[in-house]
Amino acid sequence: MTTKIAIFASGSGSNFQAIQTAIENGKLDAEIGVVVTDKPDAYVVKRAENFGIPVFSFVAKQYESKADYEQEIINILKEHEVQWVILAGYMRLIGNTLLSAYSNRIVNIHPSLLPAFPGKDAIGQALEHGVKVTGVTVHFVDEGLDTGPILSQAAVDVVEGNRSATEAKIHALEHELYTSTLQKLFKKEIKLFH
Ligand code: GRF
């Protein structure tokens, strides 16, 4: 059965695009019901519109609390019958309201080999540290910052002295790893917890 998902993003949306393309190419048995963004001007909005996918944009500071905007998001997700929440460059911590509504149904991608370099600018952190190998992690979301159980990882050799080449390799790997991991997850081919 096709899995109904929502993509949460705050930026460019290249992972959103990779997921939608994988769906159209028959590599991922899913349907994106809605894109949720906290940045109404983000490029991901344009990308979603190009595919004719509904977008829910919100501005966090217009709500009294995280619980308030997360409750509104949940209403939207229910309207679209969303089963899984897929974070792709969503720059906010998920709160208890969403975590309990979608318990063990929220996934994130992070551009490092977690638990190394959680949080913002993971690629910059890794290069600053002088690592020779970095990579990509897909993991379940819990209340922490990039701390949930790991679903998959893949490594990238750093291109010495060339940040943009390293970034390009990481992003290309993200697109591949995210779609293949989601397919395995939805087809129950991944052991969920140890
Ligand atoms: C990706 O590097 C992802 O790992 C991180 O945020 C970035 C989002 O990129 N969480 P994009 O918006 O999908 O292009």
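In whole angstrom, how long is each semi-axis of the equivalent ellipsoid of the chain, when you take the square root of 5 times every eigenvalue of its Cα gyration tensor and sort them from largest down?
Here the semi-axes work out to 26, 19, 17 Å.
Rounded to the nearest 5, what is the percent of antiparallel bridges among the DSSP beta bridges in the chain?
If I count the DSSP bridges inside the chain, around 40 percent turn out antiparallel.
Using mean Cβ contacts within 10 Å as the protection proxy, how do 74-80, 122-128 order, highest first? Present the calculation step by step, with values, prior to reporting the outcome.
Details: 74-80: 15.1, 122-128: 17.3.
Highest to lowest by the protection proxy: 122-128, 74-80.
Any idea what the dipole of the stretch 55-194 comes to, in debye rounded to 20, about its Cα centre with Lys/Arg Cβ at +1 and Asp/Glu Cβ at -1?
My answer is approximately 300 debye.
Select from Ile53, Ile32, Ile106 the residue whose mean-square fluctuation is largest in a Gaussian network model of the chain (Cα-Cα springs shorter than 10 Å).
Greatest mean-square fluctuation among the candidates belongs to Ile53.
With a 1.4 Å probe and all protein chains left in place, how much of the accessible area of the chain comes from carbon and sulfur atoms, in whole percent?
Carbon plus sulfur share of accessible area: 50 percent.
Can you tell me which of 136-146, 17-27, 157-167 comes out highest on packing, and rank the rest after it, using the mean Cβ neighbours within 10 Å?
So the peptides 136-146, 17-27, 157-167, ranked by packing, come out 136-146, 17-27, 157-167.
Quote the relative contact order of the chain in percent (integer), defining contacts as alpha-carbon pairs under 8 Å separated by 6+ residues.
20
Report the extension gain between Ser180 and Arg163 in nm, rounded to one decimal, defined as 0.36 nm multiplied by the number of residues separating them, less their alpha carbon distance.
Full extension from Ser180 to Arg163 adds 3.5 nm.
The values are calculated or read from the model by the stated rules, or taken from the named source; none is laboratory data. No experiment lies behind these values; they were computed from the predicted model shown. Here Cβ is always computed from backbone atoms with ideal geometry, including for glycine, and neighbour counts include all displayed protein chains. Heavy atoms of the whole protein, side chains included, go into the accessibility calculation; ligands, DNA and RNA do not. Shrake-Rupley method; radii C 1.70, N 1.55, O 1.52, S 1.80 Å.
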